[in-house]
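The values are calculated or read from the model by the stated rules, or taken from the named source; none is laboratory data. The shown structure was predicted, so the numbers you read here are calculated from the model rather than taken from an experiment. All Cβ positions, even for glycine, are placed from backbone atoms using ideal geometry, and neighbour counts span all protein chains on display. Heads up: the accessible areas ignore ligands, DNA and RNA and are worked out on the full protein's heavy atoms, side chains in. Shrake-Rupley method; radii C 1.70, N 1.55, O 1.52, S 1.80 Å.
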Amino acid sequence: QTLLEYLKCKKMEDPTFFYTMQIDQENGQIANFFWADGQSIMDYVCFGDAVSFDTNFQTNKFEMPFAPILGGNHHKHTIIFGAALLFNETIESFVWLFEIFLTAMSGKHPSTIFTDQDAAMAGAIAYVFRNTSHRLCLWHIYLNAAKHLGHIIQKHPEKFLPDFKRCVYEDRSEFYFQKKWDELLREYDLEDNDGMSNMYALRTKWAAVYRDSFTSDMNSTQRSEGMNNVFKKRFCRKLGLSELLVECEKVCNSLRRNELEEDFNSR
């Protein structure tokens, strides 16, 4: 009820403020909830071609994943296009969120969306964002390589990761990417490695040669990781829902002040 009162006040202040919630039919509690103010919606019109999405923010009393949708402005600074609180991280919750996000943003699909390797997220993106290129965060790709290939990295500490990186960023043609990949597998005896096989199966989502859409110089969910630190500092305790919205608004205002300062400096 407190949250609804807060939202009514926001709507009176800003008629373009958008919010919607999904109610659990069995117990009447909030299942999923999304909101975006008028400035975020305007920012998305200008800068919504490349977005970053992550759910690694546990910042409220109810342990609901907090999921901001982020992008970059004309100063390459992070901006928030909208945020959600999700009941869980299933394909159904993600489909609900992405469909509502498109409704809020007048149906405009991003050119590219960056996420980690979450299967439910990938399924929802393929279902909802049919006109969007789904790219995997390169930082997570390197992290997974380090996890599955620790013995190789230990054996060749100076050599393997640079060779792997050269393969990832090979952008001349698929032929040269394939050539470098095969050489990498042969040189480090990884032809039968499951981790590398799984990675190769997803190559169109991370290898530079398959990048076919505008990315605004993004190649990872680094914006989400960076904002995670900002939210951690701001959300120093477990917050109620309306408290979380207030703190999130303060973060947005801080980012927008920075943008105005940069606009002034550039003029």
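Find out how many positive minus negative residues lie around F177, taking Lys and Arg as positive, Asp and Glu as negative, among other residues whose Cβ is under 9 Å from that of F177. So the environment of F177 carries a net charge of +1. Pairs of Lys residues in the stretch 161-250 are counted when their Cα atoms are under 21 angstrom apart and they lie 8 or more places apart or on different chains; the count is 8. Picking from F81, F231, F101, which is most flexible by a Gaussian network model of the chain using Cα springs under 10 Å? Comparing F81, F231, F101 in a Gaussian network model of the chain, the most mobile one is F231.
Annotation: per residue accessible area for the stretch 27-177 equals 44 Å², rounded to a whole number [probe 1.4 Å, protein chains only]. Taking every alpha-carbon pair under 8 Å whose residues sit at least 6 apart, the chain reaches a relative contact order of 20 percent. Ordered by solvent-accessible area of protein heavy atoms (1.4 Å probe), largest first, the residues S40, S133 come out as S133, S40. Calculated [222 nm] ellipticity per residue, helices only, for the chain: -15500 deg cm²/dmol; basis is -39500 (n - 2.57) per DSSP H run with n ≥ 4, divided by all residues, nearest 500. Rolling a 1.4 Å probe over the protein heavy atoms of the chain, with every protein chain left in place, gives an accessible area that is 51 percent carbon and sulfur. Within the full protein context, the accessible area of D192 is estimated at about 140 Å² for a probe radius of 1.4 Å. The 3J(HN,Hα) values that the Karplus relation (6.51, -1.76, 1.60; θ = phi - 60°) gives for the stretch 166-175 are, in residue order, 4, 5, 4, 8, 4, 10, 6, 6, 4, 4 Hz. Gly and Pro appear as x.
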